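One structure is given here, and the rest of the page talks about it.
Read-outs: derived from the displayed coordinates by stated rules, not from any lab. For clarity, every value in this text was computed on a predicted model and none was experimentally measured. Quick reminder, even Gly has a Cβ in these numbers, built from the backbone with ideal geometry, and neighbours come from all protein chains shown.
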Amino acid sequence: MDTEDFLAACLRNPVNDAIADELFRLALPDAWIVSGCLVQTVWNVLTSRPIDHGINDYDIFYFDPDTSWQAEDAIIRELRSRLEKPDVKIEVRNQARVHLWYPEKHGLPYPALRSSTQGIDRFLAKNTQVGIRRSHGGHEVYAPHGFDDVANMIVRRNPGPNFSVEIYEAKARRWKMRWPEITVLAAGEGT
């Protein structure tokens, strides 16, 4: 699987396509559709399941130096009013402010970020370290580890400062129930 194959599969999900268009129109700074909604769409394409099978929500990252909750909440409300429907849940996070709440919520360190892609780099599983966004020339894709794990349906941990065995294993169990074809590597394997 290459970048074009990955992007084509992701955009077969009309929700991903609509989010990409809306983020482009709004011109949110450093905005990306990220993680599970992309990988799970690809898994659904690979396994011939309904395109939205198993997708809990659609994650959006952006990076705005205004780290106030009020500013982030205004963006969340705006995007939800434009995108969220009864069967579509979106999760919007300003990556410039994650370090303000993450340690208290999860009990783990979370150094401040300088971009949305640094937030993508911190995902617990390497296969979910992906993002797409629309640009003037088409689309951009961010995938620091490429697409082999996505295409081969492999889940492996991403060691880092906020890695949690408990959270990784819970996510992997949930994914394995929905996509039994995936191979989940134990938290200590295959980094």
Within the stretch 39-56, is even one residue touching a strand residue (DSSP E or B) at 6+ places or on another chain (Cβ under 6 Å), among the polar types (S, T, N, Q) and more than 14 Å from Ile75 (Cβ to Cβ)? no
Take the conditions under 17 Å from the mean Cα position of the chain (by Cα) and over 30 Å from Pro180 (Cα atoms) and apply them to Tyr58. Does it pass? no
Those residues that are buried (at least 18 other Cβ atoms within 10 Å of the Cβ), assigned to a helix (DSSP H, G or I) and either touching a Phe, Trp or Tyr at 6+ places or on another chain (Cβ under 6 Å) or of a type in the set (D, E, K, R) (or both), I need them from the stretch 53-79; list them, please. Glu72
Among residues of the stretch 136-178, those that are buried (at least 17 other Cβ atoms within 10 Å of the Cβ) and acidic (Asp, Glu), counted: 1
So if I check each of Arg82, Arg133, which one is closer than 30 Å to Phe24 by Cβ, in contact with a strand residue (DSSP E or B) (Cβ under 9 Å, 6 or more places away or on another chain) and either among the charged types (D, E, K, R) or surrounded by 14 or more Cβ atoms within 10 Å (Cβ to Cβ) (or both)? Arg133
Look through Ser35, Ser48, Ser116 and report the one residue that is on the phi > 0 side of the Ramachandran plot and surrounded by 22 or more Cβ atoms within 10 Å (Cβ to Cβ). Ser35
